[in-house]
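Presented below is the structure to which this report refers.
The values are calculated or read from the model by the stated rules, or taken from the named source; none is laboratory data. Predicted model only: the values in this text are computed from it and were never measured. Note: ideal-geometry Cβ built from the backbone for every residue, glycine included; neighbour counts use all protein chains shown. Heads up: the accessible areas ignore ligands, DNA and RNA and are worked out on the full protein's heavy atoms, side chains in. Shrake-Rupley method; radii C 1.70, N 1.55, O 1.52, S 1.80 Å.
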Amino acid sequence: MSASAHILIVDDEPNLRRTVARILQRAGVEVTTASNGKEGLALLSQHIFDMVYMDIRMPDMNGLEALKSIHATYPQLPVILFTGQPDLNSAVSALRHGALDYLEKPLKPETLIERARTTLASLERERRKKELQAQIEALQAELRNLEGGEQTGDAQTGNKVIETGERFFKRGHLTLDLHTRRVNIGGKGPIDLPPTAFDYLLVLARHAPNLVDYQTLVVEAQGYQADMKEAQELTKWHIHHVREAIEPDTEHPTFIINVRGSGYRLVAD
């Protein structure tokens, strides 16, 4: 499994939480735990997770209630529920409300690892497919422009803007090298970024210090339209990579600021 994957475990049994966490950590993923549904939802609002393992029977807020909230806010986030008291109605309800799967206790280490591996691999395939599709659409649009003999100072690929003039784009302490696609911060660098993450940072830099909403970020960075929820998920994923590269402390970001429910803005001065 990818070492960059992050899994949230929500269960009110401390021993089970620790055991499941150890199993997944040994399999090579980052793990965060929560003791109840409310704590799990709070963590989801503060961090990016690739999937969730959650008990269905917990005090205060049970797994089904938490699942409904998760699915409403993060519809693409895979959630696998488990319980020590199998109940067909609960299983059907869980799947109906967006759970990816439903496991019975006692949990087997090999099952936990295999479900996580399969789920994460599927997520990565979908992310890569979307990125490739956006790149294909962008290249097709650029080819049409070239064949039509259109020449502009700023080439637009679909809705995705590609800087074509100066090599360096500067905004405050940040300098983006549009040829090598690397970043310098206050003369320190160069810093490498994943290709799509660089595009997101470039969009934020072009609009800085103004807020850029989720859907505009996806359109300008990746070249395609997405609904609000999908755009929010895509943006969170790529901004996570940007922050890992440029923020001194990703828990307390100073460059990329999230305006909850709206989008992000770059503070580079």
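Of note:
- In the context of the full protein assembly, Glu244 retains an accessible surface of approximately 110 Å², using a probe radius of 1.4 Å and ignoring ligands and nucleic acids.
- Bridgeable lysines around Lys170 (alpha carbons under 24 Å apart, same-chain partners fewer than 8 residues away excluded): Lys160, Lys188, Lys236.
- Rounded to the nearest 10 Å², the accessible area of Leu234 at probe 1.4 Å: 20
- Eligible aspartates and glutamates near Lys130 by straight Cα distance, threshold 12 Å, same-chain separation 8 or greater: Glu230
- Candidate lysines - alpha carbon under 28 Å from Lys105, same-chain residues fewer than 8 apart omitted: Lys38, Lys68
- Using only side-chain charges placed at the Cβ, +1 for Lys and Arg and -1 for Asp and Glu, the dipole size of the chain relative to its Cα centre rounds to 300 debye.
- Solvent exposure, largest accessible area first (probe 1.4 Å, DNA, RNA and ligands not counted), of Tyr214, Tyr74: Tyr74, Tyr214
- Net charge of the neighbourhood of Gln76, taken over other residues with C-beta under 14 Å away and scored Lys/Arg +1, Asp/Glu -1, is 0.
- Asp192 paired with Lys129, simple spin-label distance in nm, labels 7 Å along Cα-to-beta-carbon: 2.8
- Mean accessible surface per residue for the chain, computed with a 1.4 Å probe while every protein chain stays in place, in Å²: 52
- To put it simply, the accessible area of the chain at a 1.4 Å probe is 49 percent carbon and sulfur.
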